[in-house]
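Each remark here refers to the structure printed beneath this line.
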Amino acid sequence: MKIIDEQLIDKVVEKAKKSPRLRMNYNFHQSLNDKCHRFLNALEIGTQIPVHHHVTKDETFIILKGKVRVNTYNDNGEIIDSIVLSSESGRYGVDIPKNTWHGLECLESGSVIFEVKEGPFVEHEIDGILKV
């Protein structure tokens with residue numbers, strides 16, 4: 001059993017702060033080939049998560065610490081919906097349907113989301129990056 005506690009979250013946050021990407025994953029799945037990917041994603045202000053979509057995969061984000069904005073977009077790059085996830089607001093997560101353009105913005109240093117999506121992970125599987 002793997003426990004998600006303050007110690008684990010702090011460890012992943014520290015790695016994100018030192019990462020050139022300003023984010024760090026902690027995977028619970030054993031392999032990139034697993035059919036279900038479950039992981040912590042620690043984010044720092046300034047990290048770049050480009051607007052993208054997955055044609056065949058839904059994606060779920062649940063906030064564990066901090067504040068993260070999640071936007072969805074139409075094909076022209078216009079924002080359709082925007083929500084700030086935080087425990088203070090009582091907005092804890094979102095489920096993004098497949099083929100939906102979306103992006104994340106870290107609003108508070110040390111933010112951590114729990115992310116779930118279908119595997120396997122293939123480097124080139126993101127079907128596009130939307131220019132906004």
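The values are calculated or read from the model by the stated rules, or taken from the named source; none is laboratory data. None of the values given here were measured: they were computed from a predicted structure. Using ideal geometry, Cβ is built from the backbone for each residue, glycine included, and neighbour counts are taken over all protein chains shown. Protein only, heavy atoms only, side chains kept; ligands, DNA and RNA dropped before computing areas. Shrake-Rupley method; radii C 1.70, N 1.55, O 1.52, S 1.80 Å.
Some points to look at:
- Simple Cβ-charge dipole of region 13-132, Lys/Arg +1 and Asp/Glu -1, about Cα centre, in debye nearest 20: 420
- The three principal axes of the C-alpha atoms in region 1-43 carry coordinate ranges of 29, 23, 11 Å, sorted with the longest axis first.
- Residue by residue, region 24-40 carries 3J(HN,Hα) couplings of 8, 9, 10, 7, 9, 6, 7, 8, 5, 8, 4, 6, 10, 9, 10, 7, 7 Hz when phi is fed to the Karplus relation 6.51 cos²θ - 1.76 cosθ + 1.60 (θ = phi - 60°); x denotes Gly or Pro.
- Of the accessible area of the chain, computed with a 1.4 Å probe over protein heavy atoms only, carbon and sulfur atoms account for 51 percent.
- Taking the DSSP beta bridges with both ends in the chain, the antiparallel portion is around 100 percent.
- Evaluating 6.51 cos²θ - 1.76 cosθ + 1.60 at θ = phi - 60° for every residue in region 47-56, the Karplus couplings come out as 5, 9, 10, x, 5, 8, 8, 10, 4, 10 Hz, glycine and proline recorded as x.
- Accessible area of His29 in the full protein assembly, 1.4 Å probe (Å², nearest 10): 20
- Within the assembled protein chains, the solvent-accessible surface assigned to Phe114 is about 50 Å², based on a 1.4 Å probe.
- Amide H to amide H, with H built 1.01 Å from N, Trp101 comes under 5 Å of Tyr73, counting only residues 5 or more places away or on other chains.
- Around the amide H of Lys65, modelled in the peptide plane, lie the amide H atoms of Val112, all under 5 Å away and 5 or more residues distant in sequence or on another chain.
- Candidate cross-link partners of Lys17 among the aspartates and glutamates, defined by an alpha-carbon separation under 17 Å and a same-chain spacing of 8 or more, comprise Glu6, Glu44, Glu105, Glu108.
- Cα coordinate range in the chain, projected on the principal axes (Å, largest first): 41, 34, 29
- Per residue, region 67-117 exposes 52 Å² of solvent-accessible protein surface, assessed with a 1.4 angstrom probe and all protein chains in place.
- Only one residue of Ser82, Val112, Tyr92 has its Cα farthest out toward the positive end of the dipole of the chain, where Lys and Arg carry +1 and Asp and Glu -1 on Cβ, and that residue is Val112.
- For Lys18, a cut-off of 20 angstrom between C-alpha atoms picks up these lysines, skipping any fewer than 8 places away in its own chain: Lys65, Lys67.
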